[in-house]
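The values are calculated or read from the model by the stated rules, or taken from the named source; none is laboratory data. Predicted model only: the values in this text are computed from it and were never measured. Here Cβ is always computed from backbone atoms with ideal geometry, including for glycine, and neighbour counts include all displayed protein chains.
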Amino acid sequence: MIDLIGYGAFFLSTALIFAIITLGLNLQWGLTGLFNVGIAGFVAIGAYTSAILTTPDTPDRIGGFGWPILAGWAAAMALTAAAAGFTGFATLRLKSDYLAITTFGVAVVVQLAALNAVGLTGGPFGVAFIPRPFAGLQSDPLAFNLVNLGIIAAVTLACYLALERLSRSPWGRVLRALREDERAAISLGKSARSYRIQAFAVGGAVMGLAGAVQAHFIGFIAPDNYIPTLTFQVWAMLMVGGSGSNRGAVMGAVVVWAVWIGAGWLTSALVPVDWQARAASLQIVAIGVMLCLILLGRPQGFFGPRRGRGME
Amino acid sequence: MTTPPILEAQALTKRFGGVTAVNGMSLAVGQGEILGLIGPNGAGKTTMFDLLAGSVTPTSGRILLAGREVTADPAHRRLSRGLGRTFQIPRPFPELSLVDNLLLARQGQTGEHIWASFLSPRRIAAEERAAAEKAREILSMMLLDKLADQPARVLSGGQRKLLELARVMMADPQVILLDEPAAGVNPSLLEVLIDRIRAINATGVTFLLIEHNIDMVTRLCHRIVVMASGAHLCEGTAEQVSRDPRVIEAYLGGAAA
Ligand SMILES: Nc1ncnc2c1ncn2[C@@H]1O[C@H](COP(=O)(O)OP(=O)(O)O)[C@@H](O)[C@H]1O
Ligand SMILES: [Mg+2]
């Protein structure tokens, strides 16, 4: 029973970290229509920033700053916002698929940098001994898991409330207008460039925060955490939950993460040991099938605003 | 023209690759005037609007708004300077309500700054309330009040034209550029449109009107400028222009081409 609660807390913590990332994507895609396929890169920037700033001194790696965790998180948000804002600025002229290819490229560059800038990131070995909040509780795993869940839930709630307020504000209305008709919005006095950069930066800050929170939740990060699969998962979460809805982003993250974990269990139970490495890709297939079903049956996702033609 | 021009184009030229869409065109719109801009298809009228509105940068020439040069100002700076435009093919925000379509057009909104939603929510709420009231008034003037909370995609073609006009009205512009507002509008709605343009003009708003509907142009416009092949052909009252042999030739030539 205790084990089950502990596992539930762990599961939910991970799902909520995904929920934070998905909230960031919802601002960029759901509200503004920016096709960001470089999510993993922005999550990585946040994770590494906070990890490097908060860890104790390590041989052969720049660091030993030993900042407090909250300062690490704030720095992660600031740096990721700057990186995402710069990406938005550099891609001002790019639309849809071209923007997607470019953001994907950004994520590849970030991952390669994490892998190769050994003196900064620890290279393939990553960064370890990332301080965990309330580390004193570690001797009691259940309490520790629950406290972690509480912290992550609080961060998720804060992001949700802030983004909900932003998307209902006149600022959010401008983002929606730019998604629907950029030329018309410009003719009404809105600077498409400025808002696009802002949407990139704010969404990026949220993704970076999620990366930082996760780094401190796991205590160890390495470049393979930030592969395109992460980006795929987050997109699936937003599609399933309903693009354009913050509630949908959170729900979608929990549902898709449950399917992911469930598919993982099934394959490990049913597939012979020699085949397990390959069977891992069945998790991606499971999410793909789920996406297809959702897109066929309820294209707007669980909570997405209904779109389409005709009078109601 | 007795009043000083509120909007002036000086020798505007726009080339798209090999095509010269507008060729040394000059134009002056007097304060409070309704000026018609007519000409055969492809004459360069819409490009002229795009130049005045800043969505296309001129190859050469100057644009002055209330005596101030705005040639290099980006398109999103023109409405706050008093110049509003509508599109030949209406561009509503289809998934936003009519009210939201209008609210977007208000200039200088506190709530459009990202931090303002956290720092001054009350001020935003007050601004939004006042603006929504004004939006509903304008919508009711355009006979769209019953649809105020519907998404703009439910509107008919003619209603979309009215929405375009309603939307720029929200920004209290001094000059409005209307690109073929009558095209595809049924006769009874057209009467509404003509009547509203007149009423808005009576409050001192200047119009530059591109229109093929000669009846509408004749009824509304104080003066008409004819464009052909990207250049100024002639100007005068509806009667003068319609008797000008160059105009007849331009239209016939345009039809033959
Ligand atoms: N973006 C563009 N690229 C190339 N040619 C264009 C462009 N816009 C307009 N043109 C050309 O410029 C000329 C004038 O077009 P337009 O201004 O739309 O005329 P009008 O509104 O008077 O019918 C046409 O020959 C048109 O094909
Ligand atoms: Mg035209």
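With respect to the conditions (1) modelled with pLDDT of 95 or more; (2) in contact with a helix residue (DSSP H, G or I) (Cβ under 8 Å, 6 or more places away or on another chain); (3) within 12 Å of another protein chain (Cβ to nearest Cβ); (4) more than 16 Å from ligand 2 (Cβ to nearest atom), B:Arg91 lacks only one, and its number is (4).
Of all residues in the range B:2-19, those that are surrounded by fewer than 19 Cβ atoms within 10 Å (Cβ to Cβ) and either within 16 Å of ligand 2 (Cβ to nearest atom) or within 14 Å of another protein chain (Cβ to nearest Cβ) (or both) total 2.
Okay, residues lined up against (1) farther than 23 Å from A:Pro305 by Cα; (2) within 16 Å of ligand 2 (Cβ to nearest atom); (3) surrounded by 15 or more Cβ atoms within 10 Å (Cβ to Cβ); (4) within 11 Å of chain A (Cβ to nearest Cβ):
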position	(1), (2), (3), (4)
B:Leu96	no, no, yes, yes
B:Leu104	no, no, yes, yes
B:Thr110	yes, no, yes, yes
B:Arg122	yes, no, no, no
B:Ala135	yes, no, yes, no
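Let's see how each residue does on (1) within 20 Å of the chain's Cα centre (by Cα); (2) more than 11 Å from chain B (Cβ to nearest Cβ); (3) β-branched (Val, Ile, Thr); (4) more than 26 Å from B:Val99 (Cα to Cα):
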residue	(1), (2), (3), (4)
A:Asn145	no, yes, no, yes
A:Asn148	yes, yes, no, yes
A:Ile152	yes, yes, yes, yes
A:Thr156	yes, yes, yes, yes
A:Ser169	no, no, no, no
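In the set B:Gly42, B:Gly36, B:Gly61, B:Gly32, only one residue is assigned to a loop (DSSP other than H, G, I, E, B), within 16 Å of ligand 1 (Cβ to nearest atom) and small (Gly, Ala, Ser); that residue is B:Gly42. Looking only at residues of the range B:45-58 that are outside any helix (DSSP H, G or I) and within 11 Å of ligand 1 (Cβ to nearest atom), we find that the one that is farthest from the other protein chains (Cβ to nearest Cβ) is B:Val56.
Let's see how each residue does on (1) away from ligand 2 (no atom under 16 Å from the Cβ); (2) among the basic types (Lys, Arg); (3) at pLDDT 95 or above:
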site: B:Gly42; (1), (2), (3): no, no, no
site: B:Leu51; (1), (2), (3): no, no, yes
site: B:Thr59; (1), (2), (3): yes, no, yes
site: B:Arg62; (1), (2), (3): yes, yes, yes
site: B:Ala66; (1), (2), (3): yes, no, no
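Applying the set (1) at pLDDT below 95; (2) buried (at least 16 other Cβ atoms within 10 Å of the Cβ); (3) β-branched (Val, Ile, Thr) to B:Thr206 leaves exactly one unmet item: (1).
Count of the range B:172-199 residues, restricted to those that are more than 12 Å from the chain's Cα centre (by Cα) and buried (at least 20 other Cβ atoms within 10 Å of the Cβ), is 3.
Would a scan of the range A:48-57 turn up a residue that is exposed (fewer than 14 other Cβ atoms within 10 Å of the Cβ) and either among the acidic types (Asp, Glu) or closer than 12 Å to A:His216 by Cα (or both)? The answer is yes, given that some residue of the range A:48-57 is exposed (fewer than 14 other Cβ atoms within 10 Å of the Cβ) and either among the acidic types (Asp, Glu) or closer than 12 Å to A:His216 by Cα (or both). Meeting the requirement of 2 or more residues that are β-branched (Val, Ile, Thr) and under 23 Å from A:Ile152 (Cβ atoms), the helices (runs of 4 or more DSSP H) wholly within the range A:33-125 are A:39-54, A:69-90. Exactly one residue out of A:Gly244, A:Gly288, A:Gly252 is touching a Leu at 6+ places or on another chain (Cβ under 8 Å) and over 17 Å from A:Asn36 (Cα atoms), and it is A:Gly252.
Number of residues in the range A:187-239 that are away from chain B (no Cβ under 14 Å) and among the polar types (S, T, N, Q): the value is 5.
Based on what the data block shows, is A:Trp235 surrounded by 19 or more Cβ atoms within 10 Å (Cβ to Cβ), aromatic (Phe, Trp, Tyr), at pLDDT 85 or above and in a helix (DSSP H, G or I)? Yes. Of the residues in the range B:89-98, at least one is under 27 Å from B:Met216 (Cα atoms) and outside any loop (DSSP other than H, G, I, E, B). Taken over the range B:94-123, the criterion of being within 13 Å of B:Val168 (Cα to Cα), among the polar types (S, T, N, Q) and touching a Lys or Arg at 6+ places or on another chain (Cβ under 6 Å) is satisfied by B:Asn101 alone.
For B:Gly32, only one of the following conditions fails: (1) touching a residue at least 24 places away in the same chain (Cβ under 8 Å); (2) not assigned by TED's automatic domain parsing to the domain that holds B:Cys221. What is its number? Evaluating B:Gly32 over (1) touching a residue at least 24 places away in the same chain (Cβ under 8 Å); (2) not assigned by TED's automatic domain parsing to the domain that holds B:Cys221 leaves (2) as the failure.
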